[in-house]
Amino acid sequence: MQTARLFSKEELLKVDDAVRVAEEIVNNFYKMSSGQWLKNRYDIKTAKDLAVHEYVDGPFAQVVKYEGRKKDVSLGSSSFSLYKVCLQDIAILSIVEKTDRLLLEPFLLYILIHELVHVVRFSKFKQRYENKNEADVTLEEERKVHQLTHSILKPVSVRGLSKVFEFYKDWRKEPGT
């Protein structure tokens, strides 16, 4: 059994590729112009760049909301929401290593699309961000975002994605079924 570890240099390249693809897929799904997409202020970070309070036990990632403000501007009217997608390297790598045929690349793609859907929903006020971290998001909202993530990725051909869909299948079921 391996000890807990962070993404290696090679794995960080896979994260970077997955981020690029996820942004393009989500942008196309929501049919947002590049100007609209840039207004959704967010950042994606891996464990090595997270603050202590951005680590969570359990989820593979979380979205944390911050209030941003332009430099040298003190008025509250100039503030904006900044969402930070916090990837949890240890949790991601651990589940990939212990789950048969679960590949890192499609798993990262699913996680990133899932988190970007949260960012879009928060920024478009389809879901209010009132929680301290994603662990507090309602099960109903999580189910909805998993269903959207599946719908977004279903037409995409990515090797190993069917195993990821299988991994998350219970999140797409209605409660009690």
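Read the figures in this text as sums done on the coordinates, not as results from a lab. Values in this document were obtained by computation on a predicted structure and should not be read as measured data. We place every Cβ from the backbone using ideal geometry, glycine too, and count neighbours over all the protein chains shown.
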Q: Determine the sum of side-chain charges near Tyr168: Lys and Arg each +1, Asp and Glu each -1, restricted to other residues whose C-beta is under 14 angstrom from that of Tyr168.
A: +3
Q.
Please compute the length gained on full extension between Glu166 and Asp49, using 0.36 nm multiplied by the number of residues separating them and subtracting their Cα-Cα distance.
A. 39.1 nm
**Q.** Rounded if a/c under 1.5, otherwise prolate or oblate - region 9-171, Cα gyration tensor axes
**A.** prolate
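Per 0.36 nm of contour for each residue apart, how much would the distance between Lys154 and Arg101 grow if the chain were fully extended, relative to their Cα-Cα spacing?
Between Lys154 and Arg101, full extension yields an extra 17.2 nm.
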Q | Test item: Cα-centred dipole of region 9-171, Lys/Arg +1 and Asp/Glu -1 on Cβ, debye | A | 640
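Based on the mean of other beta carbon atoms within 10 Å per residue, what is the order of 84-97, 22-35, most packed first?
84-97, 22-35
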**Q.** Those lysines that a straight Cα-Cα span of less than 18 Å connects to Lys65, excepting residues fewer than 8 apart in one chain
**A.** Lys39, Lys45, Lys84, Lys124, Lys126, Lys132
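All other residues with a Cβ under 14 Å from the Cβ of Ile25 taken together, and with Lys, Arg as +1 and Asp, Glu as -1, what is their net charge?
-2
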**Q.** Difference of contour (0.36 nm per residue) and Cα-Cα distance, Glu24 to Ser79
**A.** 17.1 nm
